[in-house]
Amino acid sequence: MALFTPMLRSSALTAVFSDERTLQGMLEFEAALARAQAKCGAIPQSAVRAIAGQCQAVKLNAEALAQAAASAGNLAIPLVKQLTANVKQQDEQAARYVHWGATSQDAIDTGMVLQIREALEITQRLLARLIIVLAEQTQRHQHSLMPGRTWMQHALPVTFGLKLAGTLDALLRWQERLQELKPRALVLQFGGAAGTLASLKEQGAEVSATLAKELNLAEANTPWHSQRDRLLEVAGWFAGVSGTLGKFANDFALLMQTEVAEVSEPVVEGRGGSSAMPHKRNPVACAAVLTAVTRLPGLMATMYTSQIQQHERALGGWQAEWETLPELIMLAGGVMQTSLELITDMQVNTRKMQANLAITHGLIMAESVTLALAQRLGKQAAHHLVEQLCHRALDEKQPLETLLAQHPDVSPWLSAQQIQDLLDPQHATGSADYFIGQVLARVGQQNKEFS
């Protein structure tokens, strides 16, 4: 499926989960294990150099390893076999201590954690860039007036800056959650055959602590072979931030519709065209984001289902994570990268926003007139009166302003100038500036805190 990678998995996260990096993660575990055990006196110090020297993915036959994994049940068994053979060619005695006291799942899970750590570092930088760019656009369009829409219909005026601030506010929360989950997720897996490290006897705890330090990972209170909440939390974070950006892409695509035309994607040669219709300018970035986001719930369902694992070591559930979690993270990386490019160079048509505010001939501001009249006529009576006049404005294709000025139950209370002011969208953004200001202030705070 590499043909779709530039479209759906375009971020640097994709390289983190290449076949070579997957093997290298397990090999880093094996090298660190040898170093830790030598420091604790569990294996001879002389074995470390030979073992660590062979822990390079390029020294393995990946194709043969993949074929052998089909019979072995996982990648670690043939990996350890090849590694042992390679070490034996250098030092026959050292080969005896490859993978000493560990189990396949220790190597696979810890290798995955090392990949996740790299992925989270890249993600942290990508998210920070997204937040900065979105904050710049929020500030730029703080006063860009546009129709607010509820149930896909005009509601009340809002600003495009407030719309962007909503997404920005959510991304700031995802940034906080990312910091919170790292200590819980970046944890060593080391339990041996049944989670007791029995083969290391009284040295098990010491080796585990030393191994965690070697890999710069936290040490688990217990091995987590069949407790998969850490990986579920990682998956949930990536799915969640993608959902936030998916909502943004969906709104953006709706605002790009020909009849709306308030925004458009960046102008790039050959982008968004149609094979049949030369006039088309399709929201291809939004489509890529929504394609990935559509797939993520299914992948998350697999991660949830994989929580149900049998006893101390599982079959099926653990193995289902191997492709699912990397695929989920790679798709989420694509969502973030594509969203960054979209937000950075998006086109905003403020004139069309103003024009769209006027297409209902003042109806979008009917609530403000209702509230003004309610002080004189009462809430229900005012609402009923303005509602009737709105229906007339639509049926007779007249401006609401004209009908209000002519109505005998309105003119005693509201002058023509007051009606005009009440129907001016510029006066109807409420606390939008305050809300935007709060979000932008948080951007500055979190940049200092998480930089």
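The values are calculated or read from the model by the stated rules, or taken from the named source; none is laboratory data. Remember, it's a predicted structure, so these values are computed and weren't measured experimentally. Reconstructed Cβ throughout: ideal geometry from the backbone, glycine too, with neighbour counts over all protein chains shown. Areas reflect the complete protein model, heavy atoms only, side chains present, ligands, DNA and RNA absent. Shrake-Rupley method; radii C 1.70, N 1.55, O 1.52, S 1.80 Å.
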Inset, instruction - Can you run down the residue pairs with Cβ atoms below 9 Å, 6 or more apart or on separate chains, where the first is in the range 304-318 and without any contact (Cβ under 8 Å) to a residue 60 or more places away in the chain and the partner is assigned to a loop (DSSP other than H, G, I, E, B) and aliphatic (A, V, I, L, M)? - result: I308/A314
Legend entry - Which listed residue is open to solvent by 20 Å² or more (accessible area, probe 1.4 Å) and over 33 Å from the mean Cα position of the chain (by Cα), from A66, A52, A47: A52
Legend entry - All positions within the range 227-263 that are open to solvent by less than 20 Å² (accessible area, probe 1.4 Å), outside any helix (DSSP H, G or I) and not β-branched (V, I, T): R228, E262
Inset, instruction - Determine if the range 28-43 includes at least one residue that is of a type in the set (F, W, Y), buried (at least 19 other Cβ atoms within 10 Å of the Cβ) and not in a helix (DSSP H, G or I). - result: no
Inset, instruction - For the range 21-65, enumerate the residues that are over 16 Å from D106 (Cα atoms), in contact (Cβ under 8 Å) with a residue 40 or more places away in the chain and of a type in the set (G, A, S). - result: G41, A42, S46, A47, A50, A62
Inset, instruction - For M152, work out the one condition from (1) surrounded by fewer than 21 Cβ atoms within 10 Å (Cβ to Cβ); (2) more than 18 Å from the chain's Cα centre (by Cα); (3) among the hydrophobic types (A, V, I, L, M, F, W, C); (4) farther than 23 Å from I343 by Cα it doesn't fulfil. - result: (4)
Inset, instruction - Would you kindly identify the helices (runs of 4 or more DSSP H) lying entirely within the range 334-451 that contain at least 1 residues that are within 25 Å of S144 (Cα to Cα), open to solvent by 60 Å² or more (accessible area, probe 1.4 Å) and at pLDDT 85 or above? - result: 350-357, 366-377, 416-422, 432-450
Legend entry - Qualifying positions in the range 174-214 - part of a helix (DSSP H, G or I), touching a Ser or Thr at 6+ places or on another chain (Cβ under 8 Å) and either open to solvent by less than 10 Å² (accessible area, probe 1.4 Å) or farther than 28 Å from F238 by Cα (or both): L178, G204
